[in-house]
Structure formats: structure tokens, C-alpha cells
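Read-outs: derived from the displayed coordinates by stated rules, not from any lab. For clarity, every value in this text was computed on a predicted model and none was experimentally measured. Cβ sites come from the backbone with ideal geometry, for glycine too, and all protein chains shown count toward neighbours.
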Amino acid sequence: MVPSCMEPAAKRVRTDDGVGPTGERDTLQGSNGSSAACADVPSEQLEFLKSGHCIAGVRHGGHGESNLLTHLTEVRLLLKEQLGCSDASLLGAALFHSIYGTEGFQGKVLSLSDRPKLRALIGERGEFIAYLNCVMDRGSLDTAVLNLALDGLAPVEHTIYTRAELGGEPICLSTDQLLDLMRVHFADWAQQVARYSFWSYRREAYATIATKLGGVFATLYSNIMVSEPENAEKNVPEMVRARRLGVFEQVLKGEIAYDDLIDDKVGKTVA
């Protein structure tokens, strides 16, 4: 099933720091999620995030520049308004795209044993895409996307793998499932690349995803990248930094405080 991702109306997503995806500044924002982004989320899904998952006050960004609720709700709104997607399953996947923890974020996670709870909330298809975005080794996604670019939209299976700490297990996807994952993963990147200065992080991979998806995805990618400052910092997500420092497992186990990682105290300790 192909989601409805047509040319969106002339709307812009408000961001947590007041800067739009292409660099222009907005005025409506908030410390616990922008008003527009939160208001657009189905009430039961927003309640799950706030009460069931208890994300209030959880910091987000490579150095904690924002909060998790802002990020999650604005990824969803960006997919809907900037990328013209009206598919409820994909919007749900976008909202919960990091619910089980990802390669780059582990600040507040739901146990994989609780997957049925999310399935009941956003449906089996939406939960599966969110699950994939969480557990995948992003390098394996990049390979699958490159292969997709070579064989077009042929109805074949594609394989991605879970991260090493999750066993490196293969997951076979249909072309539609891979495209769904690409759409949600791209929206996650688009919401944060400028505001957290993730310009250099997996740069070629996101360019390839945008090119393969085409249309509004390629247009938004170009609009974002043209605003890159000449002296942009080369930041990466905090758990990517943890892996480079060799402390990924220690952070997962709580032996190193997540706030210490975000506040750059870990590098000084390890060094």
C-alpha cells in the first residue's frame, strides 16, 4: 500500500528553536512541544507519550538543545505538512519513530516486550515501521537503499539488519515496507539536521534516500542543504558519539548517566 504523499499545501512546520526546515524563523514554539505539532496529534497518542511513556522533560538533540516531545510531534507534522503524507499508519510511525531506542537515541525507551501496546495504539503496520527505524543498523538501510536505486521498484525482497547489540539479525522487507521506512527515517532527519547541526552525519545516505523517494522529499532535501552554514559544526547524535567513545554499552546499562553524555562530560572522563 502506497501512502498518500502528494504535493503539500503551502504550510511550514514550526520548530523547537523557532527556525524552519529551510532556515527561516518562526514564532510559535514551546518548551514541551510546539503548539501546532502537539495539537495535530490524535489525543490518545499524545496521552500515551505524556502519561504512558512519561517523556515530559526528556532532553533531545546531540547536546540536549531541545526536548523529546517537541522532536517527536514535529517529525510527525513535518511528514504530514512538508511532505504531504496523510497516511495514518506512517504518521503514527513518525510520532513513535524512536520509541524503542535507536542507533542515535536512547534517552527514553519502551521495552520491546511492550510492542503489543504500540500496535494497539497505531496499528500493526505503523508499529512495524517504527520498530524497524529503532532496531536497524543504519548502515544496512543505506545498503538496501542503494540496491533499491539499482533495481528500481521491482517487487523483490530487501534485507536490513538489527544493530550488533541486538544480534545483527536479518529482517526481510517488501519494497513498499522499505519505502515506508525511508519516508519516516527521512522525516526524522529533516526535523533535526539544521537545528542540531547534523549536516555531516550520514550525508550521502540521506541524499540517496531523498533522490530515490523523489518529489517533495528531494525538494525538501535541497531546500534544507542550501541553508548549511559554511562554518557549520559537525555534530552527531549522542549515542553515535557514545559508540565512537567506546561507551555505548555503558550508557545503555546506566553505568554512565545519559545527561552526562549529552553534556559532553563523558568525553572528558574517557580521555
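A few notes on this one:
- Each residue, residue 264 and residue 228, gets one label point 7 Å from its Cα in the Cβ direction; the gap between the two is 2.1 nm.
- Evaluated at q = 0.19 Å⁻¹, the base-10 log of the normalised Debye intensity for the range 139-271, with identical point scatterers placed on the Cα atoms, takes the values -1.15.
- Shape call, the range 76-208: gyration tensor on alpha carbons, a/c limit 1.5: rounded
- Counting every C-alpha pair in the range 44-99, the share spaced more than 16 angstrom apart comes to 42%.
- The magnitude of the dipole of the range 197-271, with charges of +1 and -1 set on the Cβ of Lys/Arg and Asp/Glu and taken from the Cα centre, is near 300 debye.
- Long pairs among 212/234; 212/265; 80/108; 117/253, criterion Cα-Cα beyond 31 Å: 212/265
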